[in-house]
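For reference, the structure is listed below as structure tokens.
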């Protein structure tokens with residue numbers, strides 16, 4: 001058991017006198033959008049996010065497809081808005097432990113609020129980070145560089161407050177001695193807040209498919225095989241490197257390959273479905289790479305290009321016109337050469353289906369999505385149903401897509417199934433409307 | 001203020017918490033690598049392969065720490081060489 005787990009075991013139970021209209025679980029773009037819509041309608045919202053900052057995965061992206069708008073420029077105002085809206089109470093670094101339906105439109109929820117070991121006086125100056133001597137992989141950069149055990153999640157985190165990662169802390173006290181406002185407090189204790197809510201909205205999103213399972217691709221073993229989420233970080237304004245460079249030695253890549261359907265449409269990995277976003281985010285990254293590295297070759301290995309949305313086909317054609325090469329063929333395996341380059345073995349479908357190989361100096365695995373739906377386990381008394389692949393099951397996909405198997409519990413975004421950002425925001429709006437209709441129907 | 005400053009000591013005393021061997025090793029290794037990088041850069045900007053040659057450390061470990069040092073303002077990129085490697089230099093002051 002880690003140090004933090006030992007401390008969390010001693011959480012103090014508190015009953016909150018305040019009740020809320022809606023508990024929104026998940027502070028990514030779906031949870032933020034739905035919370036803001038509901039709060040603007042006058043409902044009291046309790047928004048719970050398990051990470052130390054709201055923002056979810058959208059904040060981490062470079063740009064969005066097909067418009068190439070800056071992802072963080074769109075998401076940061078929403079992150080700030082949920083923290084300032086008078087009708088929204090935000091708990092970050094908190095987890096929902098239990099939701100129990102007592103009667104219609106009456107749910108009791110227990111929420112674990114974890115200690116950050118830094119008081120709200122923190123100004124986010126970052127002095128504690130500078131003096132902390134422990135370096136560990138930074139989660140928000142998917143391990144591409146390090147962070148300290150005392151850290152601020154990222155530059156525009158909401159709230160922009162430091163926290164101490166006690167599982168990696170050596171208890172040297174440097175952070176505490178350095179903090180100019182005396183905000184570090186190792187004596188903070190966790191608390192479990194018990195609240196009553198009238199409705200629940202699940203917006204816990206997705207996780208990336210664990211592509212280590214596809215051992216033929218060498219992720220985790222070959223330094224220059226990265227995921228598309230890592231590539232998005234490399235292309236983002238808040239990027240972990242000073243440029244797009246390969247992790248094995250910091251060299252600027254000259255030949256970059258994308259392997260589509262990595263972990264999607266793959267029965268050997270028990271994930272037969274299309275993740276819906278990989279084709280277009282790869283086309284987006286290809287275009288951005290051709291801008292960032294004009295001399296580099298970009299090759300996309302694909303089974304089918306699914307450009308089904310508004311403007312997607314034009315976006316795909318634009319990538320081709322810019323010089324991205326599209327090779328139809330499933331990549332079978334990847335090998336590493338002595339100088340950290342990578343050999344891709346693939347079925348060359350457009351040339352008679354022969355086995356071919358090509359050498360690249362950076363490989364991006366366009367990794368699919370899997371549901372982040374463990375939240376079903378916190379429901380007591382009634383079952384929040386999932387489908388056979390783990391996505392939350394809609395009550396009726398045709399007429400009630402955001403209603404779940406429990407009346408009064410709604411869902412929105414990727415926890416219902418893979419989808420892109422515009423569809424997620426649209427679904428969040430629909431869920432907010434359905435929650436409002438439910439609350440109006442059941443009355444006070 | 002003096003009481004606040006001692007919270008880490010109080011936590012250690014109350015809970016009997018000690019730094020784990022793994023975390024001490026993490027700290028020791030990052031200090032060792034970052035000190036070696038700093039020493040190698042004292043006589044001028046270098047690429048990752050040049051730092052590897054000077055220190056005997058692996059290129060991927062050097063680059064990972066170099067980018068962490070970049071985040072905390074210890075090093076900054078300089079010019080790029082013909083092979084596509086940036087040189088890095090120590091930030092003055």
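Condition first: surrounded by 17 or more Cβ atoms within 10 Å (Cβ to Cβ) and part of a helix (DSSP H, G or I). Can you find one or more residues in segment A:138-151 that meet it?
Checked against the condition, which is being surrounded by 17 or more Cβ atoms within 10 Å (Cβ to Cβ) and part of a helix (DSSP H, G or I), segment A:138-151 yields at least one hit.
When you look at residue A:133, is it surrounded by fewer than 23 Cβ atoms within 10 Å (Cβ to Cβ), facing chain B (nearest Cβ under 10 Å) and touching a helix residue (DSSP H, G or I) at 6+ places or on another chain (Cβ under 6 Å), yes or no?
Numbers: surrounded by fewer than 23 Cβ atoms within 10 Å (Cβ to Cβ): yes; facing chain B (nearest Cβ under 10 Å): yes; touching a helix residue (DSSP H, G or I) at 6+ places or on another chain (Cβ under 6 Å): yes.
Spelling it out, residue A:133 is indeed surrounded by fewer than 23 Cβ atoms within 10 Å (Cβ to Cβ), facing chain B (nearest Cβ under 10 Å) and touching a helix residue (DSSP H, G or I) at 6+ places or on another chain (Cβ under 6 Å).
If I filter segment A:194-205 for residues that are crowded, with 21+ Cβ neighbours inside 10 Å and within 11 Å of chain B (Cβ to nearest Cβ), do I get at least one hit?
Pass one, segment A:194-205, residues crowded, with 21+ Cβ neighbours inside 10 Å: A:195, A:197-205.
Filter once more, keeping what is within 11 Å of chain B (Cβ to nearest Cβ): none.
Within segment A:194-205 (the criterion being crowded, with 21+ Cβ neighbours inside 10 Å and within 11 Å of chain B (Cβ to nearest Cβ)), the answer is no, since none of the residues qualifies.
What number of residues within segment A:220-251 are more than 14 Å from chain B (Cβ to nearest Cβ) and crowded, with 21+ Cβ neighbours inside 10 Å?
Matching residues across segment A:220-251 total 3.
I'd like the full set of residues that are more than 30 Å from residue A:68 (Cβ to Cβ) and in a strand (DSSP E or B), limited to segment A:312-345.
The answer is A:332, A:333, A:335, A:336, A:343, A:345.
Conditions: (1) assigned to a loop (DSSP other than H, G, I, E, B); (2) more than 23 Å from residue A:358 (Cα to Cα). Residue A:247 meets all but one. Number of the miss?
(2)
Sort out for me the helices (runs of 4 or more DSSP H) sitting completely within chain B that have 3 or more residues that are under 13 Å from the mean Cα position of the chain (by Cα) and facing another protein chain (nearest Cβ under 9 Å). Break it down into steps so the answer makes sense when it comes.
Details: elements: B:2-5, B:7-15, B:21-41, B:48-55, B:59-71.
Answer list for chain B: B:21-41, B:59-71.
How about segment A:253-282: which of its residues are within 14 Å of chain B (Cβ to nearest Cβ) and either in contact with a strand residue (DSSP E or B) (Cβ under 6 Å, 6 or more places away or on another chain) or crowded, with 20+ Cβ neighbours inside 10 Å (or both)?
So in segment A:253-282, the residues within 14 Å of chain B (Cβ to nearest Cβ) come out as A:253-256.
Selection gives A:253, A:255, A:256.
Could you say which residue among A:106, A:141, A:155 is at pLDDT 95 or above and within 14 Å of chain B (Cβ to nearest Cβ)? I'd like the intermediate steps shown before the answer.
Details: A:106 fails: within 14 Å of chain B (Cβ to nearest Cβ); A:155 fails: at pLDDT 95 or above.
Only one candidate qualifies: A:141.
Here are some residues: A:418, A:401. Which one is within 25 Å of the chain's Cα centre (by Cα), within 30 Å of residue A:253 (Cβ to Cβ) and not assigned by TED's automatic domain parsing to the domain that holds residue A:298?
On the way: A:401 fails: within 30 Å of residue A:253 (Cβ to Cβ).
Among A:418, A:401, only A:418 is within 25 Å of the chain's Cα centre (by Cα), within 30 Å of residue A:253 (Cβ to Cβ) and not assigned by TED's automatic domain parsing to the domain that holds residue A:298.
Here are some residues: A:186, A:171, A:209. Which one is touching a residue at least 40 places away in the same chain (Cβ under 8 Å) and either within 14 Å of chain B (Cβ to nearest Cβ) or farther than 20 Å from residue A:60 by Cα (or both)? Quick ask: steps written out before the conclusion?
Numbers: A:171 fails: touching a residue at least 40 places away in the same chain (Cβ under 8 Å); A:209 fails: either within 14 Å of chain B (Cβ to nearest Cβ) or farther than 20 Å from residue A:60 by Cα (or both).
Of A:186, A:171, A:209, the one residue that is touching a residue at least 40 places away in the same chain (Cβ under 8 Å) and either within 14 Å of chain B (Cβ to nearest Cβ) or farther than 20 Å from residue A:60 by Cα (or both) is A:186.
The values are calculated or read from the model by the stated rules, or taken from the named source; none is laboratory data. All values reported here derive from a predicted model rather than from experimental measurement. Glycine gets a Cβ as well: all are built from the backbone with ideal geometry, and neighbour counts include every protein chain shown.
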